[in-house]
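Novice: Have a look at the structure that comes next, please.
Please treat every number below as a calculation from the coordinates, not as lab data. From a predicted model like this one, the values you see are computed outputs, not experimental measurements. Every residue, glycine as well, gets a Cβ built from its backbone with ideal geometry; the counts of neighbours run over all protein chains shown.
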């Protein structure tokens, strides 16, 4: 899984009939900086993930990708490959709290 | 899923018999720029995705990849790994409308 | 799917018993150049894909990857993750013909 | 599979109901340095993997990704795509012991 | 599939009970150099792949990844995502023999 920060959302009214009504979030993967191990560094790319947990802008979330993403939604035949499976409370690295949700 | 912009199309008459008649679009993945969070930045690579929604050149589309792509087409045995599952109307980031379809 | 150019071939006599007799092609992924949108740019890496369509050196082909690749071969239990599913005739970008097979 | 070093952990109380109780580890992929072949070089990104083997901070672990990750957990319907499947004792390269667990 | 060179091996005594007894090889992906098309260029990262063919250090091997890797081992429930499926004899590019096993 990867960590990502929610930055926005996407609307597509013309879509595949098997797409569920879940919200489409625009998220940016984040990693713990290799240089300092003390901050979440934003990646250069963005992904679209469906969300049924109610994540909001600025939240750090846990994203599952690939075929496992389908197991995270109610309909296993939903053609999705990235889903929010957790809203992160804390990230601890080397016993320091690097991130804490507000 | 990823966002991508439709740039063109590909024709292959000699192909696998299980390939459906769907159009093969040439698409370029786009991401929200990390620097400004105000524009869609084009990636350096391109992909080929099948499309049954009628996306045209210049449209921003939602692409599903991997095994989930097969669930987006009528024939689950179709050997495809990237399919257009939505034509994007709007992309909102930090409550600003970053993209709107014409 | 991705576009790739056939550059050569690989022979492995000591191989997994489930491997079919298909030819193993060495292919280099190509993308439409982001700078000019007028040429196919070669990638820095190479892949090995099985081929049953008879693609030859210099041909631009369509490659499917991952679990979908297995659906493109006759034996679904074949342990392959990249297969040629089309020999490309033309690539059109912004209504210009960027590539045409000889 | 890839090698990774355990750097920390993540807590998410609001999560998908199918997520098991396994600990969520923050790991950083490591590779053998191409320049010297004598050290494990840390990657720039980090992943989140579930762990049922009891790996601790600093351990080098073996990670399986994708659909195969689900086979490594007790519940095949768990929506995970990265799981610790081994705690590494030694890494040998060109017959030299490059890493040994303490 | 990808080509890779065997560089070493990994031992993990504390591992997932579904892991088979296959040897864990440390391999480095190689590609045909885009500049010259005359040599195998080593990648910067390394992977771990299981092997039942008896590949040794220095051998160039064919690696299958993802869910297809499971079809290459005797036990389909083995949680592996990279397996050696061939020991390469020759790599030919543009009708020149670029690599030949010793």
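Novice: Running a GNM on chain A with Cα contacts under 10 Å, which residue among A:71, A:26, A:62 ends up with the highest mean-square fluctuation?
Specialist: Result: A:71 has the largest fluctuation of those listed.
Novice: Round to the nearest 0.05 the FRET efficiency obtained for residue B:77 and residue D:74 when R0 = 22 Å and r is the Cβ-Cβ distance.
Specialist: Between residue B:77 and residue D:74 the formula returns 0.10.
Novice: Another question, then. Report, as an integer, the average count of C-beta atoms from other chains found within 10 Å of each Cβ along A:92-102.
Specialist: Mean number of neighbouring Cβ atoms from other chains: 3.
Novice: Would you mind ranking B:67, E:42 so that the residue whose beta carbon has the fewest other beta carbons within 10 Å leads the list?
Specialist: Lowest to highest Cβ neighbour count: E:42, B:67.
Novice: Using a label position 7 Å from Cα in the Cα→Cβ direction, what is the ascending list of nm distances from residue B:56 to the same site in the other copies?
Specialist: Listed shortest first, these distances are 4.0, 4.0, 6.4, 6.4 nm.
Novice: In D, who owns the beta-carbon nearest the axis carrying D over to C, and how many Å from it?
Specialist: Closest to the rotation axis on chain D: D:67, 4.
Novice: Something else now. If I take all pairs of Cα atoms in the protein assembly as shown, what percentage of them are more than 44 Å from each other? All intermediate terms of the calculation are to be shown ahead of the outcome.
Specialist: Numbers: 13228 of 129795 pairs.
So the pairs more than 44 Å apart make up 10 percent of the total in the protein assembly as shown.
Novice: Out of every Cα-Cα pair in chain D, what percent are more than 18 Å apart?
Specialist: Considering chain D, 48 percent of its Cα-Cα pairs are separated by more than 18 Å.
Novice: Could you pull the copy-to-copy label distances for residue D:41, with points set 7 Å along Cα to Cβ, in nm to one decimal and sorted shortest first?
Specialist: Listed shortest first, these distances are 1.5, 1.5, 2.4, 2.4 nm.
Novice: Rank the residues E:83, E:60, E:11 as a footprinting-exposure proxy: fewest other Cβ atoms within 10 Å of their Cβ go first.
Specialist: In increasing order of surrounding Cβ atoms, one gets E:11, E:60, E:83.
Novice: Can you give me the C-alpha center-to-center distance between the range A:43-77 and the range B:26-50, rounded to a whole angstrom?
Specialist: Here the two parts' Cα centres lie 19 Å apart.
Novice: Rank the residues C:92, B:77, D:59 as a footprinting-exposure proxy: fewest other Cβ atoms within 10 Å of their Cβ go first.
Specialist: Fewest-to-most ranking of C:92, B:77, D:59: B:77, C:92, D:59.
Novice: On to the next question. With each run of n ≥ 4 DSSP H residues scored as -39500 (n - 2.57), what mean residue ellipticity at 222 nm is computed for chain A after dividing by its residue count and rounding to the nearest 500 deg cm²/dmol?
Specialist: Helices in chain A give a 222 nm mean residue ellipticity of -500 deg cm²/dmol.
Novice: Right, something else. For peptide B:70-81, compute the average count of partner chain beta-carbon atoms within 10 Å of each residue's beta-carbon.
Specialist: Counting other chains' Cβ atoms within 10 Å and averaging over B:70-81 gives 6.
Novice: Please state the relative contact order of chain A as a whole percent: Cα pairs under 8 Å, 6+ residues apart?
Specialist: It rounds to 27 percent for chain A.
Novice: Could I ask something else about it? Over the C-alpha atoms of the range C:33-73, what are the Rg and the largest Cα-to-Cα span, Dmax, in Å?
Specialist: Taking only Cα atoms of the range C:33-73, I get Rg and Dmax of 13.0, 36 Å.
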